[in-house]
1. For region B:8-13, take each phi angle, set θ = phi - 60°, evaluate the Karplus expression 6.51 cos²θ - 1.76 cosθ + 1.60, and give the result in whole Hz per residue in order, putting x for glycine and proline.
2. Consider all pairwise Cα distances in region B:82-144 and report the whole-number % of them above 21 Å.
3. Which trypsin sites (Lys or Arg not before Pro) in region B:253-323 pass both tests, a DSSP loop state and at most 13 other beta-carbon atoms within 10 Å?
4. Only sites in a loop by DSSP and with at most 16 other Cβ atoms within 10 Å count here; which GluC sites (Glu not before Pro) in region B:79-116 make the cut?
5. Rg and Dmax of chain B over Cα atoms: what are they, in angstrom?
6. Once the dipole of region B:1-134 is set up with Lys and Arg at +1 and Asp and Glu at -1 on Cβ about the Cα centre, which of B:Gly115, B:His64, B:Leu93 lies farthest towards its positive end?
7. Computed from the mean reciprocal separation of all distinct C-alpha pairs, what Kirkwood hydrodynamic radius does the protein assembly as shown have, in Å?
8. When Lys and Arg each count +1 and Asp and Glu each count -1, what net charge do the other residues less than 13 Å away from B:Val175, Cβ to Cβ, add up to?
Amino acid sequence: MRKLALSVALLGLMASPALACINDSVTVPHERQFKSSYIDQPAEQPAPATSPGEEGSFLGPLAAASTGGLLLFGALVVGVVRSGRRP
Amino acid sequence: MIASLILVLSRIAVFAAVGAGVGLLGTYLAGLWPAPRRAPAPLPFPHVVPKSQDGMSLRFAMVHDVIHERFERHGPAFYQERNRRARLELAALKTLGGEGRPPRYWELLDDLAVGLEMVGEHDEAVRLMRAKLEEQKSLGLSGRDLYSSHANLGTFLILGPFRKVRPGNEDDKKVLREGLEHIHKAIEINPDSHFGREIWQAVIIEYMIALYDDPELLLKYDMVGNWLDALAEPRSALAPVIRGTGRVRVEAAGDYLSRDESWGSAKDARGGITKVGAERNWAGEVQSSHLWPVPFDEPTLGIVGMWRLGGGAHPYFAVALGEIMLRVGQDHIAWCAFERAARLAEFAWPDPGLQERFRQHCRDRQRLLEKQPDFTPAEKLRQAFEADLKFGQDHQRAYQEYEADQIQAGRSPDDPHFYDDFSKGGPPVASPVGNADWYDPNPDYWEKLTIPWPVPLAMLGAGVLGMIGALWPTRPTTPGK
């Protein structure tokens, strides 16, 4: 009977659409235990997992280089023209 | 004429050289400098580095375990016994008299109120916490002293509307807003408490308030603003734009795992974590304090914490975990989260039609995952899910029965050895961490990302400053000088 009551209570807790950030005397010990259950485990020698996708593009560098080259060429032209006009 | 030409060209050359230097420096500072080649070896994803130095970092096993209830929860017997003891101690403390109240008094009030909430005495829990807050204020207490009062009162208040959703009910919305106000006050007092969990509690309350006005949002966004129709790209826990020195920063996560005192130098690795949430028009449709995509581990840890240490399973938690895991390539965990969310659909909203559509979304997501290459057949996965969930729920039941038996035998839950006999009973309930938090950076991947930025940016800098040098005003030469 007690088991049944506990089960019902447990189901009630599970099903209650509730959320909570309660603060009581067991909160901090629970958090510590939670952390130690996972973070303090020795790191397992990992096996290869999936590499992430690639999102690089050469468009940006190409645009930057072209703009820079044109500006540099323009600067030389402007320099030559301006020096030619000087008395 | 020639002297003038040489002068101008020299000036252009100097400006261009400075520009090239600026371009190179910018390349380095922007993390675009090509990284040195290394022999490929498995690396931890950057989310293993916590957001704050003493904070908690995420492991995918945590998500797997909450979905399958693989953690311990106190039962009603525990809280009833604690309530009994708290009342006795409070009565004794009240008779002491004297100025003010000892810290223990406030702790006991928190314990009693939480215990009342946990055994279903919601109104009494709210009343007690309101009385505590009023008494604290009347005694001139402020700041951190009020933290737990605001956090608990805010939490208790919102539980009512969450337990019994009455769409459009203005009183419920008012209660939710009051609860939200207290949660925000608690966050203001102690922003880093509970691994930032309260920040996500506030976000789910804001989501709930929005649902009261427009329940259809339930089928558009999850509680962190992931758009439910998204195709979920990219599908990795590592953001796909890690280039050059950015890669080196991400690799520092490995140093952190071997030396956690290196957090200061490793924290930049977090820049490589895939971001989730606040997608599409979330900010326009939900009045939320969460406005931009955030590293996926932040809401995930918040949800895991609320599920484990708060009120337990909830369809909003489960579907959000599914959407997040989908976006970071954890397909099996995502499938299980959607399975759990579908099974909890009746608690998503009172309207059966909306429940069915919510369930349908979960099933659609599962079908999407099942199309992935090498995905475990659905039936096999469902059997494993059921076995794992049964294991978790059986463990919680056994834990609570153990508590009840021990209390009936006269033992105190405050006894540090109270659970010793239970712990001897079997393997730990938490899953092994495994290798899900690691990836293999195959050389092709890094090669593709090593775009030759330094030369183009040096050229751009040289061009821009070279042009400035060419246009620089020159002093007219004075004849005779």
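Throughout, read-outs are computed from the coordinates displayed, never taken from laboratory work. Please read these numbers as outputs of a predicted model, since none were measured by experiment. Backbone-built Cβ (ideal geometry, glycine too); neighbour counts: all protein chains shown.
1. Per-residue couplings from phi come out as 5, 5, 4, 5, 4, 4 Hz.
2. Numbers: 419 of 1953 pairs.
Here the long-distance tail beyond 21 Å is 21 percent of all Cα pairs in region B:82-144.
3. Values: sites: B:Arg259, B:Lys267, B:Arg270, B:Lys275, B:Arg280, B:Arg308; in loops: B:Arg259, B:Arg280.
Loop-located and lightly packed - B:Arg259.
4. Values: sites: B:Glu81, B:Glu89, B:Glu99, B:Glu107; in loops: B:Glu99.
Within region B:79-116, the qualifying GluC sites (Glu not before Pro) (loop, at most 16 other Cβ atoms within 10 Å) are B:Glu99.
5. Rg and Dmax of chain B, Cα atoms, are 28.9, 113 Å.
6. After comparing all options, I get B:His64.
7. Numbers: mean 1/r = 0.0370 Å⁻¹.
Hydrodynamic radius (Kirkwood, Cα only) of the protein assembly as shown equals 27.0 Å.
8. Values: positive: B:Arg130, B:Arg163, B:Lys164, B:Arg166, B:Lys173, B:Lys174, B:Arg177; negative: B:Asp123, B:Glu170, B:Asp171, B:Asp172, B:Glu178, B:Glu181.
Every neighbour counted, the sum reads +1.
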